[in-house]
Structures are given as structure tokens and as C-alpha cells.
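Please read the structure below before turning to the comments.
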Amino acid sequence: MIERLPTPWGLVRSGVAPDHPKIKTVAKVFEKIAADPNFRLFANVEIGNQLTVAQLQEKYDAVVIATGSALGKTLGIPGENLPGSMSAADFVPWYNAHPDFATINPPLDCETAVVIGAGNVAMDVARMLALEPSELDPTDTADHAIAALKTSSVRDVYISARRGPEHAAFTSPELRELPKLEHTNVVMNKADIDAAIVRAGDAPEKDVKSNLDAMLLIAESQKNEHERTMHFLFQHTPKEILGTDKVEGIVYSTPNGDVTIKCGLVVTAIGYQAADIDGVPYQNGKVVNIDGRVKENLYVVGWAKRGPSGVIGTNKSDAAAVVELMVSDLKTPKLAGDIAELLTIASVIDQMAWQKINEAEVAAGEPLGKPRKKAVLREELLRLGGH
Ligand code: NAP
């Protein structure tokens, strides 16, 4: 397994919201596989830089691209490039201690933040902005993010959907969690939900019904005693981000005309696309493939294969199907050398080195009641790994 960062686990480390520690327990499955003597990790190795896909294809029977979708989609509206407007593709790895996003410093000196999108990523971002920050103390949120959120002036977080509640991409377990937030009001307009229930008709799809039930519960049990509030807006299509040298507001078009919200931070969570790798064909933000087969002995799994949809379980079954395909394709195994011959860099993080990093982070977190205290900078990670 080759990884660009000094740490494995991909989105489990740098994507999953830190207040959802249960989802991260899938890492135990990764570590079980990593304990197999036939598994080897080569982290801190970048494809395209230190090694090419073509070189790997020559040396190995099968090469699998599992690089996900790292780039945030953009809205294409005026003002999107103003400071204070950013993608969830930058904001999420910032609070998750990804080394490349440690210094993005989202402006939190404003009362109001806006999150665009009605999916689970938008929900994660809005929750992180609207939680009482001390709730993050017992999590593995990056220290720099906890410190910034503790001094944040943000009290109102708007999460906006361009369509009605019946079309929202949130999943119902995430919605059902919202009324349980202990220090945050969650506001949904009951009239919006009632109208969506009417539009959805007598026999809505199971997921739509489950979502609308969960939203009705939120709309009927609103609190207003807390200092921080998450507001849901439906049928709000972003039109323009306002400001001269930084974000000052956002204009939406709605069925009732244009609406302006004053804000200092806009986070766009409207989906992702894959970042290119040399030697791999891409189209529409995905690797060109048929059922996971790209060309010759090159395969793809996960979001890079299907696009950025589906939860961890979706990707597990998807990967299993591609592995079956690989096994059935395999004819005579190659006897052609080893990746180690191709690597000239000294600072490869192997499984042993990663275990050192892992143990150091877990040990540093323990006295603080955290599952781990993440190291952020590459140099620090390499040092912990023994380099
Ligand atoms: P998503 O579920 O596809 O949601 C994207 C949202 O962005 C949709 O509401 C979409 O609205 C909206 N959107 C797209 N283009 C837009 C535009 N130009 N203007 C305004 N809105 C726009 O994507 P995601 O939130 O990035 O999540 C990706 C996958 O990861 C999903 O399968 C999600 O469930 C999963 N995930 C799961 C969890 C969890 O289980 N806790 C956490 C995070 C992510 P339209 O429908 O109108 O296009």
C-alpha cells in the first residue's frame, strides 16, 4: 500500500468528523489486514513524484487506484474566490489535522457562517462550527482547530439546500442526531417540511420518508435556549458571494425572490472530484473504468471509481467486487522485482514506523481523555516514526 502522507487510513483520519468516533472504529479492520505478513506499507511516498503508475504496472500483477476524490467542486458564482469562501475539501482536513491544510485559518471572527450543500459533509461542517467547542476536547480534532473554534465568534450557522427537504442528501441517522446536541439549537421551518411531505406524496421512497420523519421531529422540537444555532434553509440557490476584499455576505435566489445573509465565512460542501494522477485516464472527476477495470492490470475502487457518493460500507462492498474481478483476471503471476528497488527516498514510513506514530499519538491523547492527539506537521510525523 502506497500513501502520499506519512499516515495511512485516508478519510478515516482526515475526513470523518471527530465527534463521530464510532465511525472510525473501521480502522481496526485496516490494522488487522496490516498485521498480515504479506502486507507492506510505503507511506510518505507520492505517486507521480517518486514513482510512476507505469513503473508499478510493470512490476506488479495488479495496481489499484484508491485515491478517492480530493478536490472540492465549485459553484461558479461571483465572489467564490474571496478570502473567507472555501471548500469543505479544505475545511474538513483543517479540523482533522491533515498536514497540508494546517494553515488555512478559516475566518471565525464573524457572527454568522454559511455552509452550502444538503449532504452529510455539509452537516459535519455545520456541526463542527456550531458545537460548543469544549465538546471537542475529548475528540481527536486538531489542536489548532479546537483553539480557533474556542475563540470563534460564530454563533449562527446556516446550512443551505438548493432544493426542498424531500431532495436533501443527508442520511437520516445524521438528522436524528441533531435534536440530541446538548449545546446547540437546531432550527428548521415546519412549513418547509410540511410542504415537502405533501410534495413527496403518499408513497415516498423509504429513505425520503425516513429523512422527512427525522426533519419533522427537528422542526417540532426546536430549542432556543443555547448560544449557538444551526439553521436549515431550503430552496435557496447560491447566486453571489458578496464582499470587496473578504466575504461579507451571500445572495440566494429563492421562490420568494432574492435573500441576502450577512456572513464572514462560506464553506461549500457540494461534492468532490478526483485529483489527476499521471498515467491514469480521468473524465468527469472520476477514473475512466468499466466495473473497476481501467486498462491492462490497472484497477480503481471507491470514490475515484464511482464518484463521491456512498458511506464506508458502500466502499467496502465495492472494493470486494473489484478484488473478485482482479482475481479472475489474474493469469500467470509476474516475477518482476519489487517496489523497494524503485524507491530512492530514505523517509519511507513502513508499518513499523506507522505503529510508532500511532502509539505516540494514542499515548499523548490518553492523559487528555482523547482517543489520540494528532501530530500535524510532516516533520513531526516523520520524527515520531523514527526518522
Ligand atoms: P452529497 O451527499 O452528494 O451532497 C451534495 C449536496 O450538494 C447535495 O445536497 C447537492 O444538492 C448539493 N449541491 C451540488 N451542487 C450544488 C450547487 N451547484 N449548488 C448548491 N448545492 C449543490 O455529497 P457530500 O455531502 O459531499 O457527501 C459525499 C458522500 O459521503 C455521501 O454519500 C455522504 O453520505 C457520505 N458521507 C457520510 C457521512 C456519514 O455517514 N456520517 C459523513 C460525510 C459524508 P442537489 O441534490 O440539489 O444536487
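Every number in this text was worked out from the coordinates using simple rules, so none of it is lab data. Worth saying up front: this structure is predicted, and the values here are computed from it rather than measured. Note that each Cβ is placed from the backbone with ideal geometry, even for glycine, and that neighbours are counted across all protein chains shown.
Return the aspartates and glutamates within reach of Lys356: Cα separation strictly under 14 angstrom, same-chain partners fewer than 8 residues apart disregarded; answer none if there are no such residues. Cα-Cα hits under 14 Å: Glu31, Glu380.
Rounded to whole Å, the principal axis extents of the Cα atoms in region 177-237 read 38, 24, 17, largest first.
Here region 12-162 is treated with +1 on each Lys and Arg Cβ and -1 on each Asp and Glu Cβ, and its dipole about the Cα centre works out to around 380 debye. Based on C-alpha pairs under 8 angstrom that are at least 6 apart in sequence, region 299-387 has a relative contact order of 22 percent.
Of the DSSP beta bridges with both residues in the chain, give the percent that are antiparallel, rounding to the nearest 5.
40 percent
Semi-axes of the equivalent ellipsoid of the chain are 38, 25, 20 Å, computed as sqrt(5λ) over the eigenvalues of the C-alpha gyration tensor in descending order. Backbone geometry of region 343-350 corresponds, through the Karplus equation with coefficients 6.51, -1.76 and 1.60 at θ = phi - 60°, to 3J(HN,Hα) couplings of 8, 9, 7, 8, 9, 6, 9, 9 Hz, x marking Gly and Pro. For Lys316, the lysines whose Cα comes closer than 24 Å to its Cα, not counting residues fewer than 8 places off in the same chain, are Lys22, Lys24, Lys28, Lys32, Lys206, Lys286, Lys295, Lys305. Applying a length cut-off of 18 Å (Cα extent along the axis) and a mean Kyte-Doolittle floor of -0.5 to the DSSP H helices of the chain leaves 206-220, 312-329, 351-365.
Across region 74-270, the mean sequence separation of Cα contacts (distance under 8 Å, 6 or more residues apart), normalised by length, yields a relative contact order of 34 percent. Dipole check for the chain: with +1 at the C-beta of Lys and Arg, -1 at the C-beta of Asp and Glu, and the Cα centre as origin, the magnitude is about 460 Debye. Computed packing ranks the peptides 7-19, 236-248 as 7-19, 236-248, most packed first, by mean other Cβ atoms within 10 Å. Residue-wise HN-Hα couplings along region 292-299, as the Karplus relation 6.51 cos²θ - 1.76 cosθ + 1.60 with θ = phi - 60° gives them from phi, are x, 8, 9, 6, 6, 9, 10, 10 Hz; Gly and Pro carry x.
Ignoring everything except DSSP H segments at least 4 long, calculate the 222 nm mean residue ellipticity for the chain; use -39,500 (n - 2.57) per segment, divide by total residues, nearest 500.
On the way: 13 runs with 124 residues, N = 387.
Result for the chain, helices only: -9000 deg cm²/dmol.
Ratio of Rg to Rh for region 74-270: 0.96 [Cα atoms; Kirkwood radius as inverse mean 1/r over pairs].
If you find the alpha carbon centre of region 168-232 and of region 1-75, how far apart are they in angstrom? First find each Cα centre; the distance between them is then 35 Å.
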